[in-house]
Amino acid sequence: MKELLSGNEAIARGAYEAGVRVAVGYPGTPSTEILENVQRYKDKIYCEWSPNEKVAFETAAGACLTGARSIVTMKHVGLNVAADPLMTLTYVGTEGGFVAIVADDPGMHSSQNEQDTRNYARFAKIPILEPSDSEEARDFLVTGLDISEKFKTPVILRTTTRVSHSRSLVELKERIEHVPQGFKKNPPQYVPIPAWARPMRQRVEKRLLALTEESSNSPLNRIEWGERQLGIIAVGIAYQYAKEIFPEASILKLGWCYPYPDKLIREFAAGVKRLLVVEELDDFVEEHVKALGIPCDGKNIVPNIGELSPLRLMEIRAKIEGTAIPEHKPIKDASLLPPRPPVLCPSCPHRSIFAALGRFDVVVTGDIGCYSLGVSAPLNRMDTILCMGGGISMAHGMKIAGETKRVVGIVGDSTFFHSGITGLLDIGYNKSAPVIIVADNRITAMTGHQDNPGSGKTLMGDSAYQASITDFAKACGIKRIFTIDPHNFNAMVALLKESFETPEPTVIIALSPCVVDDRSALRPALKIDPTICKHCKMCLKVGCPAIESMDNTIKINPLLCGGCKLCQQICKFGAIS
Amino acid sequence: MNDNNSCTSVFLIGVGGQGILLASAILSQAAMLCGCDVKTNEVHGMAQRGGTVIAQVRYGKKVYSPLVTEGSARVLCSFEAAEALRAAHYLAPDGLAVVNQYQIIPVSVSSGMATYPEHVEELLKKQFPRLCYFDATQKAIEIGNPRTANVVLLGALSKGLELEESVWEEAIRKTVKPQFIEINLKAFAAGRATVQ
Ligand SMILES: Cc1ncc(C[n+]2csc(CCOP(=O)(O)OP(=O)(O)O)c2C)c(N)n1
Ligand code: SF4
């Protein structure tokens, strides 16, 4: 039976079909839906959201050493967090198949950077597979698990946003069970103390040679001969665009680009007049082709920033052929459109936090989550973002550097559990005095509302202990700890004011559910009484999409308003009820 | 440029929360029922928080790229009035534009940082020789549920495609939750009736 599956759904299906036993990860666009879909097979596959990618990676590593086929999922930056276990699991090796599924985001649709995960494969000396549609996403996961078991190596399956979130037809297959044999004690194999790590290191290089041979013979890499004038080496999804725009060209399709399939690359290059490498982001394959002594075009005409598309390839074709570059820009009238960036939802509890912070001249070191949207106008109340957890540690750094303004670090609950705790421990231990706000909506909202250690539920659907941020803060040595409902605007402002006047670190847990996740938190819509409203526009400063203003009228859209009453507390004339 | 490999491309644009993904799912299902190869692409993540949302559907004998090439869409469907202009360059010169009259005022306008175009209808008429411009949200309210505006629009856009009429009903039945099938069939019929 054929089904129309997204790349992420297909990977989940692949995990089921390949007999995977353990699937773990931490949410991150565009990887999140993999585990959400694995959950449908939870009677066969144990699945969990781990607190962060490092924990997830190590969990899957432990599972695979018992012989259980295991996968771990994350977005590209997640692998930075999990890089430490990656770099040594490559020495220790695997028993049950181990595939790390890492989703890159060329074009930065939902990310803070555009790193190319393929560099990690070379760094760790392990195979990386790159599907170009959903059927391949499923198949490559299955192949990846086989490679992992045959060569005792971790394998990376790299998707990109367009593979993860595009749908295409997949022929479903049955599950094949792989029964784990249990952990077998073998310290020289599993314990990289220097004496044993050195032979491991040798094995890594030997394995790499064997894998190089294998990747040239793998069906994941294939030549499609066409006209010999132009040969295109197309990696991952670039293959689909190349087929569309260069239907007559010869193509070397790379689905397994590292270790590089040298034999196949040489054979292909020898068979064509001109060679072009089309890959998204870095010149990962191109650089190697050149190192083999083969001249080729690549990043001289293929952009290395942002994602490719059929239009990008049409432009490349025009450059090769010396014809006019096709123009398909947005129409002129599109410049009349107002920008429509993402915004905090109506009644989002985060909005009140930023509205309250707007009353103070402080530095706000922010972090990543829905609350990052507090950076945009008209709220404008976040000054830095670096990476998950950075909101807390950077506040500490500013304070110890002697920043004279009060410094506020803000993180979400999922971010706090992910990597905020260690930063807070540093504040308690090395004694600085920022104000840390945990925007605690008891859910990982930005990535589509996944449960986390504070939610009281697991991905398997079981109830769980709700981790207490207060207890964590206490354990980190923080004495001033407050829990407050941020919708209570005046109390929020008062608490901030008092905290800014104390020379001690403060943790404020702004606790209120995300109204998209918990619809029961919504209240009846409010109205503006036009006879009382003085058009002072104060309510518009909170940037709520439910308050619409055009042509000097201000009204609340009843279809959007969630009744949080922030605007009511801000209106000085009592016009809103 | 005409669409490559004789595939049909459809481009949907709107604002997060308008049910674009359901419309794209029904459309893909209809194409599958006609025996076509299908690929779609959807926006997830950050953009869903009230930002511009896009879905693309391509079907035909064999589809490679899930992304629609600019200037090649057979139909452009905009779930919000002015948003159609943002994606106008995706429509083929002879393509059909289906545009919902419903306006959603973004925060950038309410907070005075930007303006909403004044004469949207004129701009649309100037841009799209084949334009179907109507209030799908109002129609959906009349039918009994404003959330079915997406399927009203789908009914209208179905007129711009050559998929057999009968497959649409089956596609709706296969895609929407059982309790919403009847109202969505009504919504679809109402939308389809707006295009001659
Ligand atoms: C290392 C890393 N992993 C994952 C992500 C993806 N990501 C962005 S925001 C976010 C979660 C935010 O949740 P929370 O802190 O609870 O804030 P909320 O969105 O609920 O406001 C995640 C997982 C990331 N940016 N970096
Ligand atoms: S999804 Fe939840 S946390 Fe995110 S902006 Fe909306 S209400 Fe706020």
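The values are calculated or read from the model by the stated rules, or taken from the named source; none is laboratory data. Here the structure is a predicted model, which means the values were calculated and not measured. Here the Cβ positions follow ideal geometry from the backbone for every residue, glycine too, while neighbour counts run over all protein chains shown.
For residue A:510, state whether it is within 16 Å of ligand 1 (Cβ to nearest atom), at pLDDT 95 or above and either within 14 Å of chain B (Cβ to nearest Cβ) or more than 18 Å from residue A:559 (Cα to Cα) (or both). Outline the logic, then answer.
Details: within 16 Å of ligand 1 (Cβ to nearest atom): yes; at pLDDT 95 or above: yes; either within 14 Å of chain B (Cβ to nearest Cβ) or more than 18 Å from residue A:559 (Cα to Cα) (or both): yes.
So residue A:510 fits the description; yes.
With A:27, A:85, A:51 as the choices, which residue is within 16 Å of ligand 2 (Cβ to nearest atom) and modelled with pLDDT of 95 or more? Before the answer, list the steps.
Details: A:85 fails: within 16 Å of ligand 2 (Cβ to nearest atom); A:51 fails: within 16 Å of ligand 2 (Cβ to nearest atom).
A:27 is the lone residue from the list that is within 16 Å of ligand 2 (Cβ to nearest atom) and modelled with pLDDT of 95 or more.
What number of residues within the stretch A:297-337 are buried (at least 19 other Cβ atoms within 10 Å of the Cβ) and part of a loop (DSSP other than H, G, I, E, B)?
Of the residues in the stretch A:297-337, 6 are buried (at least 19 other Cβ atoms within 10 Å of the Cβ) and part of a loop (DSSP other than H, G, I, E, B).
Could you please let me know if residue A:59 is under 23 Å from residue B:28 (Cα atoms), out of contact with any helix residue (DSSP H, G or I) (no Cβ under 7 Å at 6 or more places or on another chain) and in the same structural domain as residue A:85 (by TED's automatic domain parsing)? Quick ask: steps written out before the conclusion?
Numbers: under 23 Å from residue B:28 (Cα atoms): no; out of contact with any helix residue (DSSP H, G or I) (no Cβ under 7 Å at 6 or more places or on another chain): yes; in the same structural domain as residue A:85 (by TED's automatic domain parsing): yes.
No, not satisfied.
Could you list, in sequence order, all residues of the stretch B:89-120 that are in contact (Cβ under 8 Å) with a residue 24 or more places away in the chain and touching a strand residue (DSSP E or B) at 6+ places or on another chain (Cβ under 7 Å)?
B:90, B:91, B:92, B:95, B:96, B:97, B:98, B:99, B:100, B:101, B:104, B:116 - these are the residues of the stretch B:89-120 that are in contact (Cβ under 8 Å) with a residue 24 or more places away in the chain and touching a strand residue (DSSP E or B) at 6+ places or on another chain (Cβ under 7 Å).
Quick one: in the stretch A:82-96, which of the residues that are out of contact with any strand residue (DSSP E or B) (no Cβ under 8 Å at 6 or more places or on another chain) and assigned to a helix (DSSP H, G or I) is farthest from residue A:460 (Cα to Cα)? Break it down stepwise before answering.
Residues of the stretch A:82-96 out of contact with any strand residue (DSSP E or B) (no Cβ under 8 Å at 6 or more places or on another chain): A:83-85, A:87-88, A:90-95.
When the remaining residues are screened for being assigned to a helix (DSSP H, G or I), the result is A:83-85, A:87-88, A:90-92.
Details: A:83: 27, A:84: 27, A:85: 25, A:87: 30, A:88: 29, A:90: 29, A:91: 32, A:92: 30 Å.
Looking at the filtered set, the residue picked out is A:91.
Quick one: in the stretch A:91-124, which of the residues that are closer than 30 Å to residue A:65 by Cβ and hydroxyl-bearing (Ser, Thr, Tyr) is nearest to the other protein chains (Cβ to nearest Cβ)? Walk me through it before giving the result.
Pass one, the stretch A:91-124, residues closer than 30 Å to residue A:65 by Cβ: A:91-104, A:115-124.
Add one more test, that the residue is hydroxyl-bearing (Ser, Thr, Tyr), and what stays is A:91, A:94, A:117, A:120.
Numbers: A:91: 35, A:94: 31, A:117: 18, A:120: 22 Å.
The extreme case among them is A:117.
So is residue A:489 crowded, with 18+ Cβ neighbours inside 10 Å, among the aromatic types (Phe, Trp, Tyr), touching a residue at least 60 places away in the same chain (Cβ under 8 Å) and more than 14 Å from chain B (Cβ to nearest Cβ) or not? Even if it seems obvious, please write down each step before you answer.
Working: crowded, with 18+ Cβ neighbours inside 10 Å: yes; among the aromatic types (Phe, Trp, Tyr): yes; touching a residue at least 60 places away in the same chain (Cβ under 8 Å): yes; more than 14 Å from chain B (Cβ to nearest Cβ): yes.
Yes.
Can you name the strands (runs of 3 or more DSSP E) wholly within the stretch A:1-66 that have at least 3 residues being within 14 Å of chain B (Cβ to nearest Cβ) and in contact with a strand residue (DSSP E or B) (Cβ under 9 Å, 6 or more places away or on another chain)?
Working: elements: A:2-6, A:22-25, A:46-49.
Qualifying strands (runs of 3 or more DSSP E): A:2-6.
If you take the residues in the stretch A:338-350 that are out of contact with any helix residue (DSSP H, G or I) (no Cβ under 6 Å at 6 or more places or on another chain) and either touching a residue at least 40 places away in the same chain (Cβ under 8 Å) or not charged (D, E, K, R) (or both), which one is surrounded by the most Cβ atoms within 10 Å (Cβ to Cβ)?
A:348
How about the stretch A:495-573: which strands (runs of 3 or more DSSP E) wholly inside it have at least 3 residues that are surrounded by 18 or more Cβ atoms within 10 Å (Cβ to Cβ)?
On the way: elements: A:506-511, A:547-550, A:553-556.
Those strands (runs of 3 or more DSSP E) span A:506-511, A:547-550.
Look at residue A:351 and say whether it is under 16 Å from residue A:539 (Cα atoms), more than 9 Å from every other protein chain (Cβ to nearest Cβ) and near ligand 2 (Cβ under 8 Å from one of its atoms).
On the way: under 16 Å from residue A:539 (Cα atoms): yes; more than 9 Å from every other protein chain (Cβ to nearest Cβ): yes; near ligand 2 (Cβ under 8 Å from one of its atoms): yes.
In short, yes.
Which of the residues spanning the stretch A:285-296 are surrounded by fewer than 22 Cβ atoms within 10 Å (Cβ to Cβ) and hydrophobic (A, V, I, L, M, F, W, C)? I'd like the intermediate steps shown before the answer.
As a first pass, look at the stretch A:285-296 and keep what is surrounded by fewer than 22 Cβ atoms within 10 Å (Cβ to Cβ): A:287-288, A:290-296.
Listed by number, the residues that qualify are A:291, A:292, A:294, A:296.
Kindly indicate whether any position in the stretch A:170-184 is crowded, with 23+ Cβ neighbours inside 10 Å and under 23 Å from residue A:2 (Cα atoms). I'd like the intermediate steps shown before the answer.
Keep residues of the stretch A:170-184 that are crowded, with 23+ Cβ neighbours inside 10 Å, which gives A:170.
Keeping just the survivors that are under 23 Å from residue A:2 (Cα atoms) gives A:170.
Checked the stretch A:170-184: at least one residue is crowded, with 23+ Cβ neighbours inside 10 Å and under 23 Å from residue A:2 (Cα atoms).
Can you tell me which residues in the stretch A:367-384 are within 11 Å of another protein chain (Cβ to nearest Cβ) and more than 13 Å from ligand 2 (Cβ to nearest atom)?
Here is the first cut: in the stretch A:367-384, the ones within 11 Å of another protein chain (Cβ to nearest Cβ) are A:368-370, A:372-373, A:376-380.
Answer for the stretch A:367-384, where residues must be within 11 Å of another protein chain (Cβ to nearest Cβ) and more than 13 Å from ligand 2 (Cβ to nearest atom): A:377, A:378, A:380.
Out of the residues in the stretch A:318-337 that are touching a residue at least 12 places away in the same chain (Cβ under 8 Å) and within 13 Å of chain B (Cβ to nearest Cβ), which is nearest to the chain's Cα centre (by Cα)? First the steps, then the outcome.
Within the stretch A:318-337, the subset touching a residue at least 12 places away in the same chain (Cβ under 8 Å) is A:319-320, A:326, A:328.
When the remaining residues are screened for being within 13 Å of chain B (Cβ to nearest Cβ), the result is A:326, A:328.
Working: A:326: 33, A:328: 30 Å.
Among them, the one singled out is A:328.
State all residues of the stretch A:546-555 that are within 7 Å of chain B (Cβ to nearest Cβ) and at pLDDT below 95; if no residue qualifies, say none. Before the answer, list the steps.
Filtering the stretch A:546-555 down to residues within 7 Å of chain B (Cβ to nearest Cβ) leaves A:547-550.
A:548, A:549, A:550, listed by residue number.
State yes or no: is residue A:341 closer than 30 Å to residue A:444 by Cα, within 13 Å of ligand 2 (Cβ to nearest atom) and more than 7 Å from every other protein chain (Cβ to nearest Cβ)? Working first, answer last.
Working: closer than 30 Å to residue A:444 by Cα: yes; within 13 Å of ligand 2 (Cβ to nearest atom): yes; more than 7 Å from every other protein chain (Cβ to nearest Cβ): no.
Considered against the rule, which asks whether it is closer than 30 Å to residue A:444 by Cα, within 13 Å of ligand 2 (Cβ to nearest atom) and more than 7 Å from every other protein chain (Cβ to nearest Cβ), residue A:341 comes out as no.
When only residues in the stretch A:351-382 that are in contact with a helix residue (DSSP H, G or I) (Cβ under 6 Å, 6 or more places away or on another chain) and part of a loop (DSSP other than H, G, I, E, B) count, which is surrounded by the most Cβ atoms within 10 Å (Cβ to Cβ)?
Within the stretch A:351-382, the match that is surrounded by the most Cβ atoms within 10 Å (Cβ to Cβ) is A:367.
Quick one: in the stretch A:385-414, which of the residues that are β-branched (Val, Ile, Thr) and out of contact with any Gly (no Cβ under 6 Å at 6 or more places or on another chain) is farthest from the other protein chains (Cβ to nearest Cβ)?
A:400
If you go through the stretch A:216-233 one residue at a time, how many are in contact (Cβ under 8 Å) with a residue 60 or more places away in the chain and buried (at least 24 other Cβ atoms within 10 Å of the Cβ)? Let's see the steps before the verdict.
Quick first cut of the stretch A:216-233, residues in contact (Cβ under 8 Å) with a residue 60 or more places away in the chain only: A:218, A:220, A:230, A:233.
Filter once more, so that each one left must be buried (at least 24 other Cβ atoms within 10 Å of the Cβ): A:233.
Count: 1.
Within 16 Å of ligand 2 (Cβ to nearest atom) and without any contact (Cβ under 8 Å) to a residue 40 or more places away in the chain: is that true of residue A:455 in this structure? Reasoning before the result, please.
Details: within 16 Å of ligand 2 (Cβ to nearest atom): yes; without any contact (Cβ under 8 Å) to a residue 40 or more places away in the chain: yes.
Spelling it out, residue A:455 is indeed within 16 Å of ligand 2 (Cβ to nearest atom) and without any contact (Cβ under 8 Å) to a residue 40 or more places away in the chain.
From A:491, A:510, A:475, A:525, which residue is farther than 30 Å from residue A:362 by Cα and of a type in the set (Gly, Ala, Ser)?
Details: A:491 fails: farther than 30 Å from residue A:362 by Cα; A:510 fails: farther than 30 Å from residue A:362 by Cα; A:475 fails: farther than 30 Å from residue A:362 by Cα.
Checking each option against the conditions leaves just A:525.
Okay, residues lined up against (1) assigned by TED's automatic domain parsing to the domain that holds residue A:48; (2) more than 28 Å from residue A:37 (Cα to Cα); (3) within 26 Å of the chain's Cα centre (by Cα):
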| site | (1), (2), (3) |
| --- | --- |
| A:466 | no, no, yes |
| A:473 | no, yes, no |
| A:488 | no, yes, no |
| A:494 | no, yes, no |
| A:503 | no, yes, no |
| A:511 | no, yes, yes |
| A:514 | no, no, yes |
| A:527 | no, yes, no |
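Against the definition (more than 25 Å from the chain's Cα centre (by Cα) and within 11 Å of chain B (Cβ to nearest Cβ)), how does residue A:313 come out, yes or no? Steps first, please.
Numbers: more than 25 Å from the chain's Cα centre (by Cα): yes; within 11 Å of chain B (Cβ to nearest Cβ): yes.
Yes, satisfied.
Has the stretch A:533-550 got any residue that is touching a helix residue (DSSP H, G or I) at 6+ places or on another chain (Cβ under 9 Å), among the hydrophobic types (A, V, I, L, M, F, W, C) and free of Cβ contacts under 8 Å to residues at least 24 places away in the same chain?
Taking every residue of the stretch A:533-550 in turn, at least one turns out to be touching a helix residue (DSSP H, G or I) at 6+ places or on another chain (Cβ under 9 Å), among the hydrophobic types (A, V, I, L, M, F, W, C) and free of Cβ contacts under 8 Å to residues at least 24 places away in the same chain.
Here is a check on your reading of the model: is residue A:95 under 23 Å from the mean Cα position of the chain (by Cα) and either more than 16 Å from ligand 2 (Cβ to nearest atom) or buried (at least 20 other Cβ atoms within 10 Å of the Cβ) (or both)?
Working: under 23 Å from the mean Cα position of the chain (by Cα): no; either more than 16 Å from ligand 2 (Cβ to nearest atom) or buried (at least 20 other Cβ atoms within 10 Å of the Cβ) (or both): yes.
So residue A:95 fails the test.
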